[in-house]
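Asker: Supplied in C-alpha cells, the structure appears directly below.
The values are calculated or read from the model by the stated rules, or taken from the named source; none is laboratory data. These numbers were taken from a predicted model, which means no experiment stands behind them. All Cβ positions, glycine included, derive from the backbone under ideal geometry; neighbour counts span all protein chains shown. Only protein heavy atoms, including side chains, enter the accessible area calculation; ligands, DNA and RNA are left aside. Shrake-Rupley method; radii C 1.70, N 1.55, O 1.52, S 1.80 Å.
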Amino acid sequence: MTLQERYDAFVAYFAEHMPVAESELHFSNPYELLVAVILSAQCTDKRVNMTTPALFKRFPSPKDMAEATVEEIYSYIKSISYPNNKSKNLLGMAQTLMNEFGGIVPDNLDDLQRLPGVGRKTANVILAVAFGKPAMPVDTHVFRVANRIGLTKNSKNVLETEKVLTAHFPKEVLSTAHHWLILHGRYVCMARNPQCEKCGIKNICCYYKKNCK
C-alpha cells in the first residue's frame, strides 16, 4: 500500500462512518471558541465545558474580559489545569483583541498567533472550526495517531506532521480529518491501550500490522 492509498482509505472509511466530525468543546462564536481552546491545553474538553458556562456568562465579550483582573478570571477557571498561566493569557488575549483588532477575533494565522496563549495549533483550530478554513491543527494526540496509523513516518515535531498531513489530505476534508484523528485517538486508538479489535481501519494501520498480527 502506498502512502497516498493509505490516506485515500482513511478518508473513505471516515467519510462513510463519521461524516459529521466536530469539536466537542461548547461555544457559540469565535471568541468563545478561542477562550475554550486556550483552556483546553492539557485539560479535557469535558472539564472545559463544565467551566465555560459561568465564565461566558460573566465575560460574554472580549471587552468584558479585557476589563477584568487576572484574579477574577482565575476564580472562574481554578478547576482547570494551569489556571494561573491561563488566567494571564486570557486577560492578555482579550486586551490584545480590544487594542489591536477592535474586539474581533482575526481569521488569519499570523494575527491569531499574536494573541497571548495562542500558538500555531490553537490558531489552526480557530481557522478550521470558527471560520471553516482548510487547516490541520496538530497537537500531541494528532501527532501520535497519525504516526501510529502510518499517515506520517518518524515526523520530528508537530509542524512537520502538519505539513505532511496537509500535503496528503484533500483540501476539502482537511479540517474534518483533524477531528477524525482526534476522535479516533480519543475513543479507539488510545495512547496506552488502543482498541485494535474494534478499529475499522486496522487493515491500513502500520501499528496493527506490526504489533497485532
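Asker: Which one of these does TRP180 not meet: (1) open to solvent by 20 Å² or more (accessible area, probe 1.4 Å); (2) modelled with pLDDT of 95 or more; (3) aromatic (Phe, Trp, Tyr)?
Answerer: Looking at each condition in turn, TRP180 falls short on (1).
Asker: If the Cβ limit is 6 Å and pairs must be 6+ apart or interchain, which residue in the stretch 127-156 that is over 22 Å from GLU32 (Cβ atoms) pairs with which residue that is open to solvent by less than 30 Å² (accessible area, probe 1.4 Å) and of a type in the set (Lys, Arg)?
Answerer: As it stands, the answer is GLY150/ARG6, since those pairs meet every condition given.
Asker: Output the residues belonging to the stretch 108-126 that are touching a residue at least 60 places away in the same chain (Cβ under 8 Å) and either within 20 Å of LYS171 (Cα to Cα) or in a helix (DSSP H, G or I) (or both).
Answerer: THR122, VAL125, ILE126
Asker: Scan the stretch 82-96 for residues that are polar (S, T, N, Q), surrounded by fewer than 19 Cβ atoms within 10 Å (Cβ to Cβ) and touching a helix residue (DSSP H, G or I) at 6+ places or on another chain (Cβ under 8 Å) and jot them down.
Answerer: Within the stretch 82-96, ASN84, GLN95 qualify.
Asker: Only residues that are open to solvent by less than 20 Å² (accessible area, probe 1.4 Å) and either modelled with pLDDT under 95 or closer than 22 Å to GLN95 by Cβ (or both): list them for the stretch 115-126, please.
Answerer: Once the filter is applied, which keeps residues that are open to solvent by less than 20 Å² (accessible area, probe 1.4 Å) and either modelled with pLDDT under 95 or closer than 22 Å to GLN95 by Cβ (or both), the stretch 115-126 yields LEU115, VAL118, THR122, ALA123, VAL125, ILE126.
Asker: Right, another one. Name the single residue that is nearest to the chain's Cα centre (by Cα) among those in the stretch 183-203 being closer than 21 Å to ILE126 by Cα and open to solvent by less than 40 Å² (accessible area, probe 1.4 Å).
Answerer: LEU183
Asker: Can you give me the number of residues within the stretch 128-159 that are open to solvent by 10 Å² or more (accessible area, probe 1.4 Å), more than 15 Å from VAL173 (Cβ to Cβ) and in a helix (DSSP H, G or I)?
Answerer: Here the count works out to 9.
Asker: Could you check ALA21 against (1) part of a helix (DSSP H, G or I); (2) in contact with a Phe, Trp or Tyr (Cβ under 9 Å, 6 or more places away or on another chain); (3) closer than 23 Å to LYS171 by Cβ and say which number it fails?
Answerer: Result: ALA21 fails condition (1) only.
Asker: Does GLU32 count as assigned to a helix (DSSP H, G or I), of a type in the set (D, E, K, R) and either touching a residue at least 40 places away in the same chain (Cβ under 8 Å) or crowded, with 18+ Cβ neighbours inside 10 Å (or both)? Explain how you work it out, then say what you get.
Answerer: On the way: assigned to a helix (DSSP H, G or I): yes; of a type in the set (D, E, K, R): yes; either touching a residue at least 40 places away in the same chain (Cβ under 8 Å) or crowded, with 18+ Cβ neighbours inside 10 Å (or both): yes.
Judged against the criteria, GLU32 is a match.
Asker: Please specify each residue of the stretch 46-97 satisfying the condition of being part of a loop (DSSP other than H, G, I, E, B), hydrophobic (A, V, I, L, M, F, W, C) and more than 22 Å from GLU24 (Cβ to Cβ).
Answerer: ALA68, the sole residue that qualifies.
Asker: Determine whether the stretch 76-85 contains at least one residue that is touching a Cys at 6+ places or on another chain (Cβ under 6 Å) and under 30 Å from TRP180 (Cβ atoms). Outline the logic, then answer.
Answerer: Going residue by residue through the stretch 76-85, those that are touching a Cys at 6+ places or on another chain (Cβ under 6 Å) are 80-81.
Right, trim to under 30 Å from TRP180 (Cβ atoms) and you get 80-81.
Yes, there is a match, as at least one residue in the stretch 76-85 is touching a Cys at 6+ places or on another chain (Cβ under 6 Å) and under 30 Å from TRP180 (Cβ atoms).
Asker: Can you confirm whether THR69 is free of Cβ contacts under 8 Å to residues at least 24 places away in the same chain, closer than 25 Å to ILE149 by Cα and not small (Gly, Ala, Ser)?
Answerer: Judged against the criteria, THR69 is not a match.
Asker: A further question follows. Quick one: LEU55 ticks every box in (1) out of contact with any Pro (no Cβ under 6 Å at 6 or more places or on another chain); (2) farther than 26 Å from TYR7 by Cβ; (3) open to solvent by 20 Å² or more (accessible area, probe 1.4 Å) except a single one, so which number is it?
Answerer: For LEU55, the exception is condition (3).
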